[in-house]
Amino acid sequence: MCATCGCETTDEIKLLVPGEQEAKTPDHVHNHHDHDHNQAQTHDNGHHNHTHTHDPHAHSHTVTLDLERDVLQKNNLLAERNRGFFEARNILALNLVSSPGSGKTTLLEKTIHNLAGDMDFYIIEGDQQTMNDANRIASAGAPVVQVNTGKGCHLDSDMIYRAIKKLNPKEEAVLFIENVGNLVCPSLFDLGESQRVVIMSVTEGEDKPLKYPTMFETSNVCIINKTDLLPYVQFDIEKAVSYLKQVNPVMEIIQVSATTEHGLEAWYAWLKQKKGIEHIG
Amino acid sequence: MHEFSIALSIVEIADEEAKKANAIVEKIELEIGELSGVELDALNFVWEAAVKNSVLAEAEKNIRIIKGEASCLDCGHQYPALQFFSQCPACSSMMTTLTRGRELKVKAITLLTRTKENLKLTTEN
């Protein structure tokens, strides 16, 4: 069973670099979800609203444990481990989140191309299926690992942990993690990133921040992409900015068109500032 | 539908505790904040499929919903919050912090433990 969504499927999570043949036994990153159910099977009669009826010789008793355990503890612990690795190597790790089709991959292609001399880039691509994005990134000239989540709707820290091992980013690099296109699920899963970057495009509604507040609340910077299309679409950019400020007053906002490269200087300046290469005045 | 992975993480925690105590889970108590990012309806919807054949298959599930609450760092006012960042209704300051509402945890678990004699019987049988 797929442990991410529970479906009975042969789709497993795969980590591949462009050109690599799919292994017969692909990496499956959800082994920690496999369960041993012997516990339940040792019980004789299956119902639990009693203490003494299932076995005349039993001396059972109930006990309530105050666990106070965070449900996402496992993900968060592994995320912190990833974060420690990034900090030790002085790697700037960015988690890129958005709806599908907002232009994340185009933004990355341009960034890799235009800043090639300034920074070393490594990319983890998250998609349910295909190597398409990884192939695009490889053509742009950066090392990339594609994580295919199968039916899964988000990347988790365990997938990143495995992808980093495969990618082995060097010191002082910039690691882009392009999450699965989805404005809901990835917001809950810390990957160990230094900054979370949310991308929205002007072909979407300007009220996205109000509709999906969790993603915008947990992000550090918002890129509004495809601004070259503003004359042709019904997108009120002032409203969009005010909605963004409403859900997250401390968020930075950068308006760009990745296709025409208009406004990308501001994005590059932000990257350089975060990387500590230069400071914005 | 991240609620399914959330539900599976809950099963995992329960499984761990049940194994540790060699016990059966009678009840699991969850605390879920309204601003945690988990849809309660979605969680309830996937619950049955997630706990199937697990230690939680027969267990009672009790969810306590935690309402959002924020506190103003300027005037100290505490107020109900509907979002992560909010303005203080008393002094209009933006210097506020969410104090409750993001919880997503297993608060408690009730186990039916078995004594050594009982264990012995089970093994012999």
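Shape annotation for the stretch A:73-275: C-alpha extents along the principal axes are 44, 39, 33 Å, from largest to smallest. Residue pairs exceeding 26 angstrom between C-alpha atoms, taken from B:K27/B:K52; A:K110/A:K151; A:K226/A:K272: A:K110/A:K151. For the stretch A:73-275, the dipole from Cβ point charges (+1 on Lys and Arg, -1 on Asp and Glu) about the Cα centre works out to 460 debye, to the nearest 20.
Estimated purely from DSSP H runs of n ≥ 4, each contributing -39500 (n - 2.57), the mean residue ellipticity at 222 nm for chain B is -10000 deg cm²/dmol once divided by its residues. Only protein heavy atoms count here; under a 1.4 Å probe, A:R83 has an accessible surface of about 50 Å². Accessible surface for A:E109 stands near 50 Å², nearest 10, in the context of the full protein assembly shown (1.4 Å probe). Chains B and A together bury roughly 4500 Å² of accessible area, counting both sides, with a 1.4 Å probe on protein heavy atoms only. Span-like helix check, chain B: qualifying full DSSP H segments, with Cα axial length of 15 Å or more and mean Kyte-Doolittle of 0.0 or more, are B:3-21, B:40-51. Normalised by 2.2 N^0.38 Å, where N is the number of residues, the alpha-carbon radius of gyration of the stretch A:142-183 equals 1.21. Take the Cα of B:E16, step 7 Å toward its Cβ, do the same at A:K245, and the gap between the two points is 4.4 nm. Couplings 3J(HN,Hα) of the stretch B:75-90, computed from phi: 10, x, 5, 10, 8, x, 10, 9, 8, 4, 9, 8, 9, 5, x, 8 Hz, in residue order, whole Hz [Karplus 6.51 cos²θ - 1.76 cosθ + 1.60, θ = phi - 60°; x for Gly and Pro].
Alpha carbon centre of the stretch B:48-102 versus the stretch A:85-161: separation in Å? Taking the Cα centre of the stretch A:85-161 as reference, the centre of the stretch B:48-102 is 32 Å away. So how far apart, in nm, are the two label points at B:E39 and B:M94 if each is 7 Å from Cα heading toward Cβ? A separation of 3.1 nm, rounded to one decimal place. Note down the relative contact order for chain B as a percent, whole number, built from C-alpha pairs under 8 angstrom at least six residues apart. Reported as a whole number, the value is 33 percent. Using a cutoff of 8 angstrom between alpha carbon atoms and counting only pairs six or more residues apart, the relative contact order for the stretch A:73-275 works out to 26 percent. Converting phi to 3J(HN,Hα) with the Karplus coefficients 6.51, -1.76 and 1.60 and the offset θ = phi - 60°, the stretch A:130-142 yields 6, 9, 3, 5, 4, 5, 4, 5, 4, 5, 6, x, 10 Hz in sequence order, with x at every glycine or proline. Each of B:F85, B:L111, B:A50 was placed along the dipole of chain B (beta-carbon charges, centred on the mean Cα), and the one lying farthest toward the positive end is B:L111. Note that the stretch A:73-275 presents 38 Å² accessible area per residue, ligands and nucleic acids not counted, probe 1.4 Å. Expressed as a whole percentage, what fraction of the accessible surface of the stretch A:163-210 belongs to carbon and sulfur atoms when a 1.4 Å probe is rolled over the protein heavy atoms? Carbon with sulfur: 43 percent of the solvent-accessible area. Taken about its Cα centre, chain B carries a charge dipole of roughly 300 debye when the Cβ of each Lys and Arg holds +1 and the Cβ of each Asp and Glu holds -1.
The values are calculated or read from the model by the stated rules, or taken from the named source; none is laboratory data. As the structure is a prediction and not an experimental result, all values here were calculated from the model. Please note: Cβ atoms are built from the backbone with ideal geometry, for glycine as well, and neighbour counts cover all protein chains shown. Accessible surface areas use protein heavy atoms only, side chains included; no ligands, DNA or RNA. Shrake-Rupley method; radii C 1.70, N 1.55, O 1.52, S 1.80 Å.
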